[in-house]
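The block underneath contains the structure these notes are about, expressed in structure tokens.
We did not get these values from a lab; they are worked out from the coordinates using the rules stated. The structure displayed is predicted, hence computed values, not measured ones. Reconstructed Cβ throughout: ideal geometry from the backbone, glycine too, with neighbour counts over all protein chains shown.
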Amino acid sequence: MMQGPGIRKRLSQETTPAPPEHGRRRMGLRRKRIRNTALAMLGVVLAVAVAAGGFLWYLGTAYDEGRTTIAGALPVDKPPRTEAAENARNILLMGSETRNPASGDATPDMMMLLHLPGDRSGVYVLSILPYAVVDVPGHGSQPIDSTMRLGGVSLTVETVQNLFNVPIDHVAVVDFEGFRGLTNALGGVTLHNDAPFHSDGPEGEFFAAGRITVQGESALNYVRTRHTFTGDSDSRRMRNEQALLAGILSGLLDRGQVPSPVMIGNVVNEISPYLSVDEEFDSRTAGALAFSLREIRPADIHMYTLPVQGGGVSAAGLPAAVPDAAAVADITAALAADNLAGYLPARAPAG
């Protein structure tokens, strides 16, 4: 006997058993648990995001409120940026015993050009001897450490820009006192010391040769010492400054030790009161630069010194030397091509 579609449909409905009531409850409970778990995970993610955002806001506020801005630090006129170096950044870092870089007696005891290539594959630090005699705009040939006294930070930046025909994007002046708290915040800084010495003073601290750790007052003694060295004391002091900076950067970048939020907060709190920067170097800019360097390892930090031709004494009886013209030309070309890595390996590193 033939069955119509309506009969077949009715028979199908009659022969398909409905799920038991307790089965439906289990399915409902399972969906509810999945939904609750997903909501809990979302809540954790949002909480972490809010906490991270609050922490970043705190860091930015601490940095912006602690730092000192230098009005007009960057000259209006800059050398043009080449197409090859469009994404590269150059930062002039100076260390001084004077907290206020605008004061009449401000003298940069440390001067380093930090070059960050466009691909952020490394950090290249080129130290310039404070007594290097260069052409200072409007003042003729002068030791480069006289530029702040002659025309402030802006003249120092302009002098370095002209020396290498490269735009300086930012400038930072660090009071050496800041190293005390910074090294404490890092729990000490490990560095390589070229040769043993005692720091200045009748009861000078002894620093052994090789791998040592400095912290607090010891870090200050390490970078401030000059008079105890014989011969070219400024060169030796500069190498010590490089060693300490390399140790600080390595401590911050070492992937074997993930910096804790507390440590990062301490670092910002300790260094910002001793930091003077150009008006554009705010927390957003500094944070973006730091993020762009997130893949950098300690081995990617390269430190060198601008070669000079011989040495002499200035009219004031102070050491004086002229930067090696060939080296300046090579560095200028390497910066224009954003290939400082291609120039520096051929040169002997500082120390």
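If you take every residue apart from residue 161 with its C-beta less than 15 Å away from the C-beta of residue 161, what net charge results, scoring Lys and Arg +1 and Asp and Glu -1?
Working: positive: 78, 81, 89; negative: 77, 135, 158, 169, 278.
Around residue 161, the surrounding residues sum to -2.
Under a 5 Å amide H to amide H cut-off, with H placed in plane at 1.01 Å, what residues pair with residue 134 once short-range neighbours are removed?
Here the answer is 142, 144, since their amide H atoms fall under 5 Å of that of residue 134.
Amide H neighbours of residue 95 under 5 Å, at least 5 residues apart or on other chains, H built in the peptide plane: list them.
Amide H neighbours of residue 95: 109, 110, 111, 174.
Through the Karplus equation 6.51 cos²θ - 1.76 cosθ + 1.60, θ set to phi - 60°, convert the phi angles of segment 167-173 into ³J(HN,Hα) values in whole Hz; use x for Gly and Pro.
With coefficients 6.51, -1.76 and 1.60, one gets x, 9, 7, 8, 9, 9, 10 Hz.
For the pair residue 69 and residue 291, what calculated FRET efficiency results from E = 1/(1 + (r/R0)^6), where r is the Cβ-Cβ distance and R0 = 22 Å, to the nearest 0.05? Before the final figure, lay out the partial values.
Values: r = 22 Å, r/R0 = 1.00.
Efficiency, rounded to the nearest 0.05: 0.50.
For residue 118, enumerate residues with amide H under 5 Å from its amide H, sequence gap 5+ or separate chain, H modeled in the peptide plane.
The list, which skips near neighbours in sequence, is 88.
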